[in-house]
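Engineer: One structure is given below, represented as structure tokens, and several questions about it will come after.
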Amino acid sequence: MLEKQIEARLTRGVKALGGRAYKWVSPGNVGVPDRVVVLPDGRVEFVELKTEKGRLSKMQKIQIDRLKAFGAVVHILYGRDEVDRYLKEISDAVYTS
């Protein structure tokens, strides 16, 4: 599965749960995560998507570490199965709170 297909799967899944998965493009900040996920319960999380064999670049690692240092929640999801697992986790959290 291509990364753009994985990204579309995440976006559709988050929307179905009542949230949004905004594409994040930050000029001058190479390597930021692909999506900013905003959930109906007010949580905001960053998601970097990769194919099953994908690898983080050096700048992606730096940006993810920076976000985590601020206390942000950052997920790195490899492939469809990890996206599906993430969607189940957030669904459980959103609908059991």
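Here, each number is a calculation from the coordinates, and none is a lab measurement. Note that the structure is a prediction, hence the values are computed from the model and not measured. Quick reminder, even Gly has a Cβ in these numbers, built from the backbone with ideal geometry, and neighbours come from all protein chains shown.
Engineer: For a footprinting-style exposure proxy, rank 84, 34, 92 by other Cβ within 10 Å, fewest first.
Structural biologist: So the ranking, lowest neighbour count to highest, is 92, 84, 34.
Engineer: I would also like to ask the following. Can you work out the base-10 log of I(q)/I(0) for the range 9-49 at q = 0.18 1/Å, using the Debye formula on its C-alpha atoms alone?
Structural biologist: Normalising to I(0) and taking log10 leaves -0.47.
Engineer: Around residue 71, under 14 Å between beta carbons, what's the net of Lys plus Arg minus Asp minus Glu among the other residues?
Structural biologist: Here the count lands on +1.
Engineer: Here's a follow-up. For the chain, calculate the relative contact order in percent as a whole number, restricting contacts to Cα pairs under 8 Å that are 6 or more residues apart.
Structural biologist: So the answer I get is 28 percent.
Engineer: Could you let me know the centre-to-centre spacing of the range 57-97 and the range 17-51, using Cα atoms, in angstrom?
Structural biologist: Using only Cα atoms, the two centres lie 9 Å from each other.
Engineer: Kindly write out, for the range 14-29 in residue order, the coupling ³J(HN,Hα) from the Karplus curve 6.51 cos²θ - 1.76 cosθ + 1.60 (θ = phi - 60°), rounded to whole Hz, with x marking Gly and Pro.
Structural biologist: For the range 14-29, the Karplus-derived couplings read 5, 4, 5, 8, x, x, 9, 10, 6, 5, 10, 10, 10, x, x, 10 Hz, x marking Gly and Pro.
Engineer: Return the subset of 15/50; 4/88; 4/68; 50/88; 15/53; 23/68 for which the Cα-Cα distance in this structure is over 22 Å, preserving the input order.
Structural biologist: Distance filter (> 22 Å) returns 4/68; 15/53.
Engineer: Taking only the alpha-carbon positions of the range 38-97 and ignoring solvent, what does the Debye formula give for the base-10 log of I(q)/I(0) at q = 0.18, 0.22, 0.25, 0.27 Å⁻¹?
Structural biologist: For the range 38-97, the Cα-only Debye profile gives -0.72, -0.97, -1.09, -1.15.
Engineer: Now a separate question. Could you sort the peptides 40-51, 21-32 by per-residue average Cβ neighbour count (10 Å cutoff), highest mean leading?
Structural biologist: Order by mean packing, descending: 40-51, 21-32.
Engineer: Report the antiparallel proportion of the DSSP beta bridges in the chain as a percent, rounded to a multiple of 5.
Structural biologist: Once the DSSP bridges in the chain are tallied, antiparallel ones form about 55 percent.
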